[in-house]
Amino acid sequence: SFSKLQKALLFEAKKGRNVAYNEIFEEDEDGNQGDFCELLRAQHLEEIIAYDKKLVDAITDAANREGSESLPLATYREVLQVADPEKPRADVNLYLARGAGVEINEVMGRESNGEEVDVKEFILRLRDGLLKKS
């Protein structure tokens, strides 16, 4: 949480309200970083894992509602937009392309043609890259 990060930062700063960020992010001779960096890394990982779960659950729920093992690209788009309404259209298109296993310039055509993609395959390919909430 933010308060844990703030406490770790204040502890590591040790010089009051001024923070020497270059020192905070430095590694020691063993390659370790301080509590602040470790908390920041852990928080980042937790956010990624939670977002991944949210997307996978939303896609799986949509497939279960449809009673199908595959969904049209338009449905994936809708699911992604509902799960993350602030996600820019370009990023949604990137996720669709990755999940469908196609080039970005192919997404719109395949979507308008009603192309369907297997849910399990879509999820596996979607996870091949970073999934980050807007």
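The values are calculated or read from the model by the stated rules, or taken from the named source; none is laboratory data. These figures come from a predicted structure and were not determined experimentally. Glycine also receives a Cβ, built like all others from the backbone with ideal geometry; neighbour counts cover every protein chain displayed. For accessibility, only protein heavy atoms count, side chains too; no ligands or nucleic acids. Shrake-Rupley method; radii C 1.70, N 1.55, O 1.52, S 1.80 Å.
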Practice task
Within the range 94-123, count every residue that is open to solvent by 70 Å² or more (accessible area, probe 1.4 Å) and either more than 23 Å from H44 (Cβ to Cβ) or assigned to a strand (DSSP E or B) (or both).
Solution key: 10
Exercise for the section: Find the residue count for the range 27-65, including only residues that are outside any helix (DSSP H, G or I) and surrounded by 14 or more Cβ atoms within 10 Å (Cβ to Cβ). Expected result: 2
Exercise for the section: Please specify each residue of the range 71-85 satisfying the condition of being crowded, with 17+ Cβ neighbours inside 10 Å and either under 11 Å from A100 (Cβ atoms) or charged (D, E, K, R) (or both). Expected result: L71, P72, L73, Y76, R77, D84
Practice task
With respect to A58, determine if the residue is within 15 Å of L126 (Cα to Cα), in contact (Cβ under 8 Å) with a residue 24 or more places away in the chain and of a type outside the set (F, W, Y).
Solution key: yes
